[in-house]
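Here is the structure we will look at.
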Amino acid sequence: MKPVSRAEARRNEAAGSEAVLASGVGSPTSCPISLQTSEFDSSDDEPIEDEQTPIQISWLPLSRVNCSQFLGLCALPGCKFKDIRRNIQKDTEELKNYGIQDIFVFCTRGELSKYRVPNLLNFYQQYGITTHHHPIPDGGTPDIANCCEIMEALAICLKNNRKTLIHCYGGIGRSCLVAACLLLYLSDTVSPQQAIDSLRDLRGSGAIQTIKQYNYLHDFRDKLAAHLSSRDSLSRSVSR
């Protein structure tokens with residue numbers, strides 16, 4: 001018999017081991033190798049291509065409240081969640097090209113992390129966009145003091161003819177609520193239902209998503225008046 005070299009013996013041994021594994025005999029579990037490794041697979045690791053469609057901005061005309069400006073509303077730029085695969089750099093560049101100067105963000109920081117844009121606020125600022133962060137829980141409403149602060153900041157932006165955009169996650173619930181509040185804030189003649197109808201015409205029937213948001217809008221003027229009265233009283237007492 002022809003002597004077998006050590007290298008050839010090692011090759012024969014390796015080939016035999018592969019044959020055993022391929023047959024399933026002697027493997028550490030009865031599952032195929034492909035199933036063993038699948039538990040470590042993550043859809044996050046799959047090379048899914050980012051969307052190439054431009055970010056969609058809806059422009060709310062403010063002419064009915066005696067303002068010549070428009071307020072922009074959109075979904076979360078750069079969002080990566082489920083079947084949404086937007087590119088933060090591409091979206092921000094598009095916003096900059098639109099001439100956006102101020103952005104109001106209503107997502108919480110937890111949401112920004114969940115939707116893979118944890119550094120979104122800094123990203124905007126790096127592009128020279130003034131960023132206003134007023135987190136509101138998803139499906140919820142801002143407290144009246146925070147909402148008043150948002151209204152005053154938006155009014156200043158619009159008065160100074162700054163191109164302004166607001167967004168939450170979908171641009172349907174919180175963003176539409178704030179935009180509707182702005183219509184009521186800037187005009188005494190617009191009714192809550194007219195404000196809701198304006199936003200639903202612009203963003204779809206899902207705008208103003210929850211009963212809580214609907215009721216908040218109908219109570220907005222009374223709550224705002226009470227807040228401003230309380231704030232003025234406090235200011236007068238401090239100045240004495």
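Please treat every number below as a calculation from the coordinates, not as lab data. Everything numeric here is computed off the predicted structure, so don't read it as measured data. Here the Cβ positions follow ideal geometry from the backbone for every residue, glycine too, while neighbour counts run over all protein chains shown.
Points to keep in mind about this one:
- Positive-pole candidate from F123, L182, S63, dipole of segment 58-239, charges at beta carbon: F123
- Segment 58-239: relative contact order as a whole-number percent, Cα under 8 Å and 6+ apart: 24 percent
- Taking all pairs of distinct alpha-carbon atoms in segment 68-214, Kirkwood radius in angstrom: 15.5 Å
- The value of relative contact order for segment 129-224, using C-alpha pairs under 8 Å at least six residues apart, is 32 percent.
- Remark: segment 92-104, residue by residue, has Karplus-estimated 3J(HN,Hα) of 5, 4, 5, 4, 5, 5, 5, x, 4, 10, 10, 10, 9 Hz, where x stands for each Gly or Pro and the curve is 6.51 cos²θ - 1.76 cosθ + 1.60 at θ = phi - 60°.
- Net +/- balance of residues flanking I100 in space, Cβ distance below 12 Å, scoring K and R +1, D and E -1: -1
- Net charge over other residues, Cβ less than 13 angstrom from the Cβ of L217 (K, R count +1; D, E count -1): +2
- Cross-link pairs exceeding 30 Å between alpha carbons, from the set K90/K114; K82/K223; K80/K212; K80/K163; K114/K212; K82/K212: K82/K223.
- Calculated on alpha-carbon atoms, Rg and Dmax of segment 83-125 in Å: 10.7, 29
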